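K.L.:
If you scroll down you'll find the structure; I have some questions about it.
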Amino acid sequence: MKIAVIGGGVAGLSTAYYIQKNFSAQVDIYEKSSDIGGLAGVFKLGDTLLEKYYHHVFTHDKYLMELVNELKLEDSLMWIKTKMGYYCKGKSYPFATPIDIMMFKPLSFIDRIKLGMSSLIISRHKYSDDLENITAEQYLIKYAGKEGWDKFWKPMMKIKFGENFNKIPAVWIWERIVQRVRSRTKGAKDEVLGYMEGSFYTLLKRLADEAEKKGGKIHLNSEVDEIIVENGVCKGIKVNNEVRNYDYVVFTPALQHFVDVCKNAPEDYIAPLRAVKYDCSMIVVMILKEKLSNFYWLNVADDEIPFGGLIEHTNFIPKDVYGGKVILYFSKYLNVDSEYLRMSDEEVRNNYIKHLRKIYPDFKEDIIEDCLIFKDRYAQPIWPMNYSKIKPKYKTPIKNLYMANTSQIYPNDRGINFSIKLGKEVVETMVGEISK
């Protein structure tokens, strides 16, 4: 049996791993880039590897932990207390514990209590279909109050979803709050996050090695041009202008790529998929000589500042790991029409420095050693209301063709754990179908 897995990111590599665990099959992985990883890909900084897009994991990440244990990588995972902050109205506030919330001066005392209690109340809710029928805005105003929405949750939703901030179903924020509450240690005093020694490329490389050890092949610089469909049956793929036959194909890149390459799919299947939109991600990474703060993550709630978060990675992983260099990520999700996507790297750099000085007035440009910019067109799906009713299934209506990508993570958020979940569940679906 020959199986092609399209995409060499976490979902694709996990899919290949679980296929080889469940089937006796030749597995070929096709990745259009020059290295594995996708949104978990890395670049080299001196003698170390670092993610292009910042990453961490949570203690309750079930699928990640199961896979890490199977691969005997438990000793590579580090669990670290972190400090979170929130910048608004010209000031940075610690924002991790109940005490921090009680000291959050932009809100009145009563509204601080409402905001603090809202997360606890929401975390105890069980999933229901009603959460898909109301917006996150309606849901959060109900529990955190109008001021809590306007001065905290609204800016946070705008950081994540931009102009779509008030159109996202409540189930998304419910799931996020549940996840964050679970990530805290007993007593809710500390948030503990995980990182992997040597970067998460340690996990990616192990998955790639496991695939090759079992006879799989990883084809880099190999962009799939078309999924070959004849009479409703997937026959293989066309890659680098060459047709290759396979018994089964699993597609893991973004949904829009699937729509583009599955040219002979039934229109009544493809049409709803076109309705799912994506925002872009643009990450600026500055390598600095000096640290800026004690925060690992500072959410930036200011519409005039073009980035939504400052992630000082070396307040998470010690700078000694990186030769004493300080690593600062600027996070930003962008609409496809954003002017920032049309700017040169130099324009972005200068613009970000100007706005960084609003937060850190003493910032000096001469402490910058390097500045790198990474962009991904299909980074964040924008969930419409009642999305579960149109969310694509792993098994497509085309025989022998399966799909597992971020469009199916809903109501969860993007991340390593849920990408592994995609790989595991699509293979479980294949096992059920192929064994019939």
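K.L.:
Which of the following residues is touching a residue at least 40 places away in the same chain (Cβ under 8 Å), over 21 Å from residue 307 (Cα atoms) and in a helix (DSSP H, G or I): 177, 99? Before the answer, list the steps.
P.N.:
Values: 99 fails: touching a residue at least 40 places away in the same chain (Cβ under 8 Å).
Result: 177 is the single residue among 177, 99 that is touching a residue at least 40 places away in the same chain (Cβ under 8 Å), over 21 Å from residue 307 (Cα atoms) and in a helix (DSSP H, G or I).
K.L.:
Looking only at the stretch 106-148, count every residue that is outside any helix (DSSP H, G or I), within 26 Å of the chain's Cα centre (by Cα) and farther than 22 Å from residue 382 by Cα and tell me the total.
P.N.:
3
K.L.:
Within the stretch 347-357, does at least one residue satisfy the condition of being in a loop (DSSP other than H, G, I, E, B) and either touching a strand residue (DSSP E or B) at 6+ places or on another chain (Cβ under 8 Å) or closer than 30 Å to residue 228 by Cα (or both)?
P.N.:
No, because not a single residue in the stretch 347-357 is in a loop (DSSP other than H, G, I, E, B) and either touching a strand residue (DSSP E or B) at 6+ places or on another chain (Cβ under 8 Å) or closer than 30 Å to residue 228 by Cα (or both).
K.L.:
Could we say that residue 236 is at pLDDT 95 or above, in a strand (DSSP E or B) and under 18 Å from the mean Cα position of the chain (by Cα) here?
P.N.:
Working: at pLDDT 95 or above: yes; in a strand (DSSP E or B): yes; under 18 Å from the mean Cα position of the chain (by Cα): no.
When the stated conditions are applied, residue 236 does not pass them.
K.L.:
What residue, among those in the stretch 228-284 that are in contact (Cβ under 8 Å) with a residue 40 or more places away in the chain and of a type in the set (S, T, N, Q), is surrounded by the fewest Cβ atoms within 10 Å (Cβ to Cβ)?
P.N.:
If we take residues in the stretch 228-284 being in contact (Cβ under 8 Å) with a residue 40 or more places away in the chain and of a type in the set (S, T, N, Q), then 245 is surrounded by the fewest Cβ atoms within 10 Å (Cβ to Cβ).
K.L.:
Go through the stretch 1-24 and give me each residue that's more than 22 Å from residue 225 (Cβ to Cβ) and either free of Cβ contacts under 8 Å to residues at least 40 places away in the same chain or not hydrophobic (A, V, I, L, M, F, W, C) (or both).
P.N.:
Residues satisfying the conditions are 14, 17, 18, 20, 21, 22, 24.
K.L.:
Are any residues in the stretch 203-227 of a type outside the set (Ser, Thr, Tyr), surrounded by 14 or more Cβ atoms within 10 Å (Cβ to Cβ) and in a loop (DSSP other than H, G, I, E, B), and if so, which ones?
P.N.:
214, 216, 223
K.L.:
Could you look through the stretch 380-393, keep only residues that are crowded, with 20+ Cβ neighbours inside 10 Å and closer than 21 Å to residue 9 by Cα, and pick out the one that is nearest to the chain's Cα centre (by Cα)?
P.N.:
Once the filter is applied, the top-ranked residue is 380.
K.L.:
On to the next question. Residue by residue through the stretch 9-57, note down the ones that are closer than 19 Å to residue 425 by Cβ, in a loop (DSSP other than H, G, I, E, B) and of a type outside the set (Gly, Ala, Ser).
P.N.:
Listed by number, the list holds a single entry, 23.
K.L.:
Looking at 110, 36, which one is at pLDDT 95 or above, touching a Phe, Trp or Tyr at 6+ places or on another chain (Cβ under 9 Å) and not aromatic (Phe, Trp, Tyr)?
P.N.:
36
K.L.:
Identify, from the list 420, 398, 367, 416, the residue that is among the aliphatic types (A, V, I, L, M), modelled with pLDDT of 95 or more and more than 30 Å from residue 129 (Cα to Cα). Lay out the reasoning, then the answer.
P.N.:
Values: 420 fails: more than 30 Å from residue 129 (Cα to Cα); 398 fails: more than 30 Å from residue 129 (Cα to Cα); 416 fails: more than 30 Å from residue 129 (Cα to Cα).
Within the list 420, 398, 367, 416, the selection yields 367.
K.L.:
Could you grab me the full set of residues in the stretch 126-169 that are in contact (Cβ under 8 Å) with a residue 40 or more places away in the chain, among the hydrophobic types (A, V, I, L, M, F, W, C) and closer than 29 Å to residue 282 by Cα?
P.N.:
Within the stretch 126-169, 152, 156, 159, 161, 168 meet the criteria.
K.L.:
Moving on to the next point. What is the residue count in the stretch 4-49 for residues that are of a type in the set (A, V, I, L, M) and surrounded by fewer than 24 Cβ atoms within 10 Å (Cβ to Cβ)?
P.N.:
The qualifying residues number 6.
The values are calculated or read from the model by the stated rules, or taken from the named source; none is laboratory data. Since we're looking at a predicted model, the values are computed, not measured. Using ideal geometry, Cβ is built from the backbone for each residue, glycine included, and neighbour counts are taken over all protein chains shown.
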